[in-house]
Each structure stands twice: as C-alpha cells, then as structure tokens.
1. Of the numbered conditions (1) closer than 19 Å to residue 143 by Cα; (2) part of a helix (DSSP H, G or I); (3) touching a residue at least 60 places away in the same chain (Cβ under 8 Å), residue 28 fails exactly one; give the number of that condition.
2. Can you work out which of the residues in region 73-104 that are part of a helix (DSSP H, G or I), under 19 Å from the mean Cα position of the chain (by Cα) and free of Cβ contacts under 8 Å to residues at least 60 places away in the same chain is farthest from residue 170 (Cα to Cα)?
3. Could you tell me which numbered condition residue 83 fails, if it satisfies all but one of (1) within 18 Å of residue 115 (Cβ to Cβ); (2) at pLDDT below 95?
4. Is it the case that some residue within region 46-53 is in a helix (DSSP H, G or I) and crowded, with 19+ Cβ neighbours inside 10 Å?
5. Counting only residues that are surrounded by fewer than 13 Cβ atoms within 10 Å (Cβ to Cβ) and part of a loop (DSSP other than H, G, I, E, B), which one in region 164-184 is modelled with the highest pLDDT?
6. Would a scan of region 182-192 turn up a residue that is without any contact (Cβ under 8 Å) to a residue 40 or more places away in the chain and touching a helix residue (DSSP H, G or I) at 6+ places or on another chain (Cβ under 7 Å)?
7. Return yes when residue 8 is under 21 Å from residue 142 (Cβ atoms) and part of a loop (DSSP other than H, G, I, E, B) and no when it is not.
8. Sort out which residues of region 68-103 are surrounded by fewer than 12 Cβ atoms within 10 Å (Cβ to Cβ), over 23 Å from residue 177 (Cα atoms) and touching a helix residue (DSSP H, G or I) at 6+ places or on another chain (Cβ under 9 Å), and write them in order of number.
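The values are calculated or read from the model by the stated rules, or taken from the named source; none is laboratory data. Fair warning: this is a prediction, and the values are worked out from it, not measured in the lab. Glycine also receives a Cβ, built like all others from the backbone with ideal geometry; neighbour counts cover every protein chain displayed.
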C-alpha cells in the first residue's frame, strides 16, 4: 500500500532500543510538527472546505498523539527533551516544487505530508513487531493505523484537488527521491533519522 522503495535498515531498531528516551522525545516533536503542518495547510488553502475540515481533525489527532507520547515518556520515568531538527523532513522538503501555481504547490505539499506519514507508518510497524519492550510494541501498533490513514487522506486530497498535475507520476517521483534519501538515514535513534 505505501509503495516505499527502500525499507528502513533493520539496524535502526538496535539504535532505537539503545536510547528509548531519544526516540520518544523525537517522536513527540514529530507529532507536534505534523499538527503544525495540518494547520499550515488550513491557513494556506482555506478555499477548500473539505480540506480545512479534515486537516482540523488531523491537527487535533496529531496533538493527541503528542500527548500520548509525552505520557509514555513520563510513565517510563524519562523527560521530554528539547525539540529536534528533522533532517529527513528538511531533505524531503528540498524536493518540493519551488514556485509553480497554487494547485502545484498544494499537490506537492500534500504528497510531502503523505511521504512523511508513509515512512512513519513503516517505522511504527517495525517498532510494533520487533521492539523488545512489549509495552512500546503495543503502543506503536496502536498508532500505526492512524499514520496509514493520514497517508491515505493526503494522497486522496492530492488526487481530488489536482486538475493538471499527474499525481501518480509525481508520487512516483517522491518515492524515488525518498528512496535515495533513505540510503543515508536509519543511522540515528530518531523517528526519521
């Protein structure tokens, strides 16, 4: 379903398990950034009522996830660290069309968001199946379906609002670009690192 062309390096899991505090802190901030992205889509594209409504729901859900991760951090006796820079997201952003018309900008922004959700879903699946900590396996399993749903929502809106952009072709370009990025990721104990 997700179409990712390069899976996460399995060695990433060992890095994550060696520093649970770091992955949980990074994950919390990823959820906050996902909520901010949904709000940004509302602000930039308020002419689409259905998009506004759905992005509002996603923003709320992402902040609920932020709160769940913060609660998990507390439950584990850890502390939420400072917000982290997400190099993966910044690298992926470099692929987005600069300029272009509003339709192209919206489609690219939606595909950008779909890509992040797809990779997060793939990572949550790995964590839910292979982490040694049974509590965290269950926790990531509970979040995985939501990420897949967000991915589908973003792809669906890209198709809905595209009149001139070949969304399937552009999505394949995103997948190819992201596969190249993943060759340098999977080496840090962060959600996308």
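1. Evaluating residue 28 over (1) closer than 19 Å to residue 143 by Cα; (2) part of a helix (DSSP H, G or I); (3) touching a residue at least 60 places away in the same chain (Cβ under 8 Å) leaves (3) as the failure.
2. Kept after step one, since they are part of a helix (DSSP H, G or I), are these residues of region 73-104: 73-75, 87-93, 102-104.
Subset that is under 19 Å from the mean Cα position of the chain (by Cα): 87-93.
This time we only want the ones that are free of Cβ contacts under 8 Å to residues at least 60 places away in the same chain, so: 90, 93.
Working: 90: 19, 93: 14 Å.
Ranking the qualifying residues of region 73-104, first place goes to 90.
3. Of the numbered conditions (1) within 18 Å of residue 115 (Cβ to Cβ); (2) at pLDDT below 95, the odd one out for residue 83 is (1).
4. Scanning region 46-53, I find at least one residue that is in a helix (DSSP H, G or I) and crowded, with 19+ Cβ neighbours inside 10 Å, so the answer is yes.
5. 166
6. Applying the first criterion (without any contact (Cβ under 8 Å) to a residue 40 or more places away in the chain) to region 182-192 yields 184.
Among the residues that remain, those that are also touching a helix residue (DSSP H, G or I) at 6+ places or on another chain (Cβ under 7 Å) are: none.
No - not one qualifying residue is present in region 182-192.
7. Values: under 21 Å from residue 142 (Cβ atoms): yes; part of a loop (DSSP other than H, G, I, E, B): yes.
Answer is yes for this residue.
8. Of everything in region 68-103, those that are surrounded by fewer than 12 Cβ atoms within 10 Å (Cβ to Cβ), over 23 Å from residue 177 (Cα atoms) and touching a helix residue (DSSP H, G or I) at 6+ places or on another chain (Cβ under 9 Å) turn out to be 75, 79, 82.
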